[in-house]
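J.: First the structure, then my questions, so here it is.
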Amino acid sequence: MSPDGLRFALAGLLAPEPIYWRNAHEEDFRPIPGTENAVYASFSPDGESLVFSALGGASVRRVALSGGAPQTLAELPVPVVGGLHWGDDGNIVFSHSGGVGLYRMAATGGDPEPLLDPNTPVRNPRLLPGGRAVIFTDPTALSTLILDLETDSVRVLRAGAIDAVYVETGHLLYTDVSGTLWAVAFDARQGEVVGEPVTLFLTVSPHRAPSGLDSRFRRTGLWSMRRGESRVRD
């Protein structure tokens, strides 16, 4: 879902499917030519473009929803595996093949900059507002960590929290290994959890949920979920 909640995109469907997208007021998804085999995608801050990486490819690419061929932003030595995110500061963060390492690059293209040791386990990295820090899941410890880009320091933000995202209500939303969805108050400027978590929903995580369940959150706190087959059109 785009940051303003007005557009939806589906990536990571069965290969060689492309990315599909639609506006919130529409029912049917339409394919985006040139995005076949896409496994990860993230909306631009204005919701007008997507950045993505394709299965079997070793590049980060950008495509406008208004049309046109995808643009290659960077050629990589290995594929993007573990997720990527387009932050509101104009940068993109991602992890490499095998879900290790964390890298940052400009959304206009250029050479990626390593932010962590290339052997660091990383999944689902997310830039916090202003690009001052990155939160990500350690898939081996099943915890959420935070990298402060101003001090170049890493620490555990919340043990047991998986695939956390920040929303502008001032909360982190995350799941645990049982599939429960949680929310906890979070000071994004200080990078600190404040208060105790509360349960929002049971069994929403793709790790433990029934097959075909997926969920996404936007900066406003709006939650979208898909279950089973999606309607698409050529």
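J.: So between Asp148 and Ser178, what do we pick up on full extension, going 0.36 nm a residue minus the alpha carbon distance?
T.: 7.9 nm
J.: How large is Rg/Rh for segment 1-81, to two decimals, with Cα atoms and a Kirkwood Rh?
T.: Rounded to two decimals, Rg/Rh equals 0.95.
J.: Can you run phi through the Karplus equation (6.51, -1.76, 1.60; θ = phi - 60°) for segment 37-50 and list ³J(HN,Hα) in whole Hz, with x for Gly and Pro?
T.: 6, 4, 10, 9, 8, 9, 6, 5, x, 8, x, 8, 9, 10
J.: If you don't mind, there's one more thing I want to ask. Could you calculate the contour length gain from Leu200 to Val156, that is, 0.36 nm times the residue separation minus the distance between their Cα atoms, to one decimal place in nm?
T.: Here the answer is 13.6 nm.
J.: Taking 0.36 nm per residue of separation and subtracting the Cα-Cα distance, what length does fully extending Ala141 through Ala15 add?
T.: 42.4 nm
J.: Moving on. Given a Förster radius of 25 Å and the C-beta distance between Ala64 and Ser97 as r, what FRET efficiency does 1/(1 + (r/R0)^6) yield to the nearest 0.05?
T.: Taking R0 as 25 Å, the efficiency between Ala64 and Ser97 is 0.40.
J.: Cut-off is 10 Å between beta-carbons; in what order do His25, His85, His171 appear when sorted fewest neighbours first?
T.: His25, His85, His171
J.: What order do you get for Trp21, Trp182 when you list them from fewest to most C-beta neighbours inside 10 Å?
T.: Trp182, Trp21
J.: Counting only Cα, what are the radius of gyration and maximum Cα-Cα distance Dmax of segment 7-167, in Å?
T.: Using the Cα atoms of segment 7-167, the pair Rg, Dmax is 15.3, 46 Å.
Throughout, read-outs are computed from the coordinates displayed, never taken from laboratory work. Since the structure is predicted, the reported quantities are computational estimates derived from the model, not experimental observations. Cβ coordinates were reconstructed from backbone atoms using ideal geometry, including for glycine residues, and neighbour counts include every protein chain displayed.
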